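Asker: Have a look at this one.
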Amino acid sequence: MPVTDVRHDLDNLTLTVVAEFDAPVQRIWQVYADPRQLEKVWGPPTYPATVVDHDFAPGGRVTYFMTGPDGDKHAGYWEITAIDEPRSFSFVDGFADADFNPVPAMPVCTNVYTFAERVGGTRVTYRSTYESAEGLQTVLDMGVVEGASSAINQIDDLIAS
């Protein structure tokens, strides 16, 4: 399993996931830069993602929806704030309505994904910072740790194919 560590810190409003992959940094970077690859790993296996728009550049927007086992759809968006290929990218991540407009009542977080070489592959640090402890607690209660871990753990199968 790629996920090696998960920590949440309500005082600092952060959720950090660390994963290690047996592939070069550039290969793991492509998982996020290519919308067809991203949709294979963004949602957990029971909530696969469909990427609708993918402007993976500073100022760009990524929109997607995840489809649940009963056909229910859950939309979200990224607003890309920075890219340093292949070392890191940052984005604001939020919940969206069916037209991909932000849902103000739901938590928003700022994410920084950092890719680093390690012996035999890549270490990725996924760090999310929430606007409030309540926002972080909301997503923790929704199962973000389990969902994110199961989604990230799909990357091994993708890069092996």
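Asker: Can you tell me which residues in the stretch 21-33 are open to solvent by 50 Å² or more (accessible area, probe 1.4 Å) and touching a strand residue (DSSP E or B) at 6+ places or on another chain (Cβ under 8 Å)?
Answerer: 22, 24, 27
Asker: Which of the residues that make up the stretch 69-105 are surrounded by fewer than 15 Cβ atoms within 10 Å (Cβ to Cβ) and among the aliphatic types (A, V, I, L, M)?
Answerer: Once the filter is applied, which keeps residues that are surrounded by fewer than 15 Cβ atoms within 10 Å (Cβ to Cβ) and among the aliphatic types (A, V, I, L, M), the stretch 69-105 yields 82, 98, 103, 105.
Asker: Hey, another quick one. Looking only at the stretch 52-68, count every residue that is buried (at least 18 other Cβ atoms within 10 Å of the Cβ) and closer than 22 Å to residue 84 by Cβ and tell me the total.
Answerer: 3
The rows are residues; the columns are (1) over 19 Å from residue 129 (Cα atoms); (2) at pLDDT below 95; (3) touching a His at 6+ places or on another chain (Cβ under 7 Å); (4) not hydrophobic (A, V, I, L, M, F, W, C).
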{"residue": "15", "(1), (2), (3), (4)": "no, no, yes, no"}
{"residue": "26", "(1), (2), (3), (4)": "yes, no, no, yes"}
{"residue": "29", "(1), (2), (3), (4)": "yes, no, no, no"}
{"residue": "43", "(1), (2), (3), (4)": "yes, yes, no, yes"}
{"residue": "65", "(1), (2), (3), (4)": "yes, no, yes, no"}
{"residue": "79", "(1), (2), (3), (4)": "no, no, no, yes"}
{"residue": "85", "(1), (2), (3), (4)": "yes, no, no, yes"}
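Asker: Anything in the stretch 114-160 that is under 17 Å from residue 33 (Cβ atoms), over 14 Å from the mean Cα position of the chain (by Cα) and of a type in the set (S, T, N, Q)? List them, or say none.
Answerer: 122 - this is the single residue of the stretch 114-160 that is under 17 Å from residue 33 (Cβ atoms), over 14 Å from the mean Cα position of the chain (by Cα) and of a type in the set (S, T, N, Q).
Asker: Only one of 82, 133 is over 21 Å from residue 8 (Cβ atoms) and of a type outside the set (Asp, Glu); which?
Answerer: It is 82.
The values are calculated or read from the model by the stated rules, or taken from the named source; none is laboratory data. Keep in mind it's a predicted model, so treat the numbers as computed, not measured. Here Cβ is always computed from backbone atoms with ideal geometry, including for glycine, and neighbour counts include all displayed protein chains. Just so you know, the surface numbers come from the protein's heavy atoms only, side chains and all, with ligands and any DNA or RNA stripped out. Shrake-Rupley method; radii C 1.70, N 1.55, O 1.52, S 1.80 Å.
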